[in-house]
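Structure provided below as structure tokens; questions to follow.
The values are calculated or read from the model by the stated rules, or taken from the named source; none is laboratory data. Bear in mind that the values here come from a model prediction, so they are computed numbers and not experimental data. Cβ: placed from backbone, ideal geometry, glycine included. Neighbour counts: every protein chain shown.
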Amino acid sequence: MVGFILSMFTDDIFTAMYIAVFFELLWIDIIPAGTFIPPNAIFCVVATICLMEIFGLAHTSQILPLMIMTIPIAFLSSWLEGVQRTGQNKNYNVILQQTRKTPAKYRPDLMIRTSVIQSFLIYLITGLLGIYLLLGIFSFIHIYLPLENIIQWPHLILIASISALAALRIKKAYISLMVGMVLIAAYLGKDLLPL
């Protein structure tokens, strides 16, 4: 959805949607269960599309390094969310004590409002600082990006789809994936082999 909304502000709707689909497939195997917090995929999509527009990147080979650079900040964002959740657990314990000892002070609405504001500020500040950091780094390295489009979007979508197949947790899917990878590698490598 984020990719679709941002694609309305770009000249190339397909590139924005390819970026969003790539990250959606890439993170699909990381299921948020228990205390695990997955990387922030929305940051990756927003940062990549914004910086792609700022630098006027034209093709996949130029966008891919930028996409890779956004991934560590997505993990940093999930770590900060974990720190915030730890703080919220302490607030939850305070509310439990309030309900048992002093019901008159019981104010869950205040805790919820504070938590929402904290989450908003964490994501806003982390997102803006991350984009500015990437803007600074990428401004130095974008002159070294390839001029020809070596990698196509179908290649990247196929690579990200491996995560979607891994999410199935079915042995036959893994076997099909391995057979498919071997066949594709054999087809692509046939010109390299001596006859």
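Just wondering, is there one or more residues in region 124-143 that are outside any helix (DSSP H, G or I) and surrounded by 15 or more Cβ atoms within 10 Å (Cβ to Cβ)?
no
Here is a follow-up. If we scan region 164-177, do we find a residue that is touching a residue at least 24 places away in the same chain (Cβ under 8 Å), more than 20 Å from ALA20 (Cα to Cα) and assigned to a helix (DSSP H, G or I)?
No, region 164-177 has no match at all.
May I pose another question? For region 46-70, enumerate the residues that are surrounded by 16 or more Cβ atoms within 10 Å (Cβ to Cβ) and β-branched (Val, Ile, Thr).
Listed by number, the residues that qualify are VAL46, THR48, ILE49, THR60, ILE63, THR70.
Checking ASP109 against (1) surrounded by fewer than 18 Cβ atoms within 10 Å (Cβ to Cβ); (2) in contact with a Cys (Cβ under 9 Å, 6 or more places away or on another chain), which single condition isn't satisfied?
If we test ASP109 against (1) surrounded by fewer than 18 Cβ atoms within 10 Å (Cβ to Cβ); (2) in contact with a Cys (Cβ under 9 Å, 6 or more places away or on another chain), just (2) comes out false.
Among the residues of region 109-118, is any among the small types (Gly, Ala, Ser) and in contact with a Phe, Trp or Tyr (Cβ under 8 Å, 6 or more places away or on another chain)?
Among the residues of region 109-118, not one is among the small types (Gly, Ala, Ser) and in contact with a Phe, Trp or Tyr (Cβ under 8 Å, 6 or more places away or on another chain), which makes the answer no.
Restricting to region 166-182, name every residue that is at pLDDT 75 or above and basic (Lys, Arg).
LYS172
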